[in-house]
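Okay, so here's the structure we're looking at.
The values are calculated or read from the model by the stated rules, or taken from the named source; none is laboratory data. None of the values given here were measured: they were computed from a predicted structure. Methodologically, a virtual Cβ is constructed for each residue, glycine included, from the backbone with ideal geometry; neighbour enumeration extends over all protein chains shown.
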Amino acid sequence: MADTTTPTPINWRKRISGAWAASAVLLALVAVLDWPQFVPTVIFSAQALAGTAPFILFAVLAVAYLKATGAENLLAKAFEGNPARMIVMAALLGGLSPFCSCEVIPFIAALLAVGAPLGAVMAFWLASPLMDPAMFAITTGAIGLEFALAKTAAAIGLGMLGGFGTLLLSSTPVFADPLREKPAVGGCCGVKQPFSAKPVWKFWTETPRIQTFRDTALENAAFLLKWLTLAYVIEAIMVHYMPANLIASVLGGDGLGTVLLGALVGMPAYLNGYAAAPLVAELLDQGMSNGAAMSFMLAGGVSCIPAAIAVWALVKPRVFAAYLGFALVGSIVAGVAWQIVA
């Protein structure tokens, strides 16, 4: 008898991730509108992704190992206790850790995977992209030691602002059920539920745990790869088509108003601390106010494209809006404070 059943149509919308599709569309637009820039854009994106790959690999394997052994429950206990203490420690760790805005993404995803409180994660999330040892050295050389120290203090303070703000508002609808329906890391996408028994460190002796390790690693690697690819494609486009002299022409001047303008301009413009330091040094020589320089660097660092896209991918839009809100407010406050002190 002939099979008269109607074949199930393939849902290509679900098969093809929106992030991959967006990356392909952007590259296609560059190829059509500015073909000579297509290859440099691809090379820039690939090199940036390759530079972050060791951190992605470490985080993917670490989370997969935690889930396969059942040790994620032990790690989660490290984030139990006094929330205020955790927020302070997270802000300090974020402001002093040697991770840039791109490298911190896998570790944030891992923290969310093991159930770390959102307030502590927010504190680390905000502070970490703003300062690390290499960035401190570059900022000191380009602008000066006092500015570098002030930016470090501002990074920690901004982290605490976001952490305690999240803690105070944790009972509001903004932070209720903050993660997306399919969390980026951990028990998602068909990955088995965490093992509740005592951790089995040699997980490869049990077939279910091997399956959990493989599923978790593949799902997390696919998630980070697709979103970071999109992030670096956007970064490459912005770096090429948003020249530094355009930003300089907008931020010239003095007064408290430039502090607000610095934050507003710095937030949508991708400029991490490494790229921004020489530009800000030049702008200061041209008469830019100290407060505007500080707010510009802080806002641009927190909202840089790779970190912002990862936040968007991990949490719901209302939490993402809060993340940007804390960044904007903290940048302005730090800029005004530095304007007064400097």
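Miscellaneous remarks
- Residue that is out of contact with any Gly (no Cβ under 9 Å at 6 or more places or on another chain), at pLDDT 90 or above and small (G, A, S), where the choices are A184, A150: A150
- Any hit, the range 317-334, residues being in a helix (DSSP H, G or I), under 24 Å from F44 (Cβ atoms) and of a type outside the set (A, V, I, L, M, F, W, C): no
- Condition check for A269: part of a helix (DSSP H, G or I) and either of a type outside the set (K, R) or at pLDDT 75 or above (or both): no
- For the range 301-342, the set of residues classified as under 16 Å from T152 (Cβ atoms) and crowded, with 17+ Cβ neighbours inside 10 Å consists of G301, V302, G330, S331, V333, A334, G335, A337, W338, listed by residue number.
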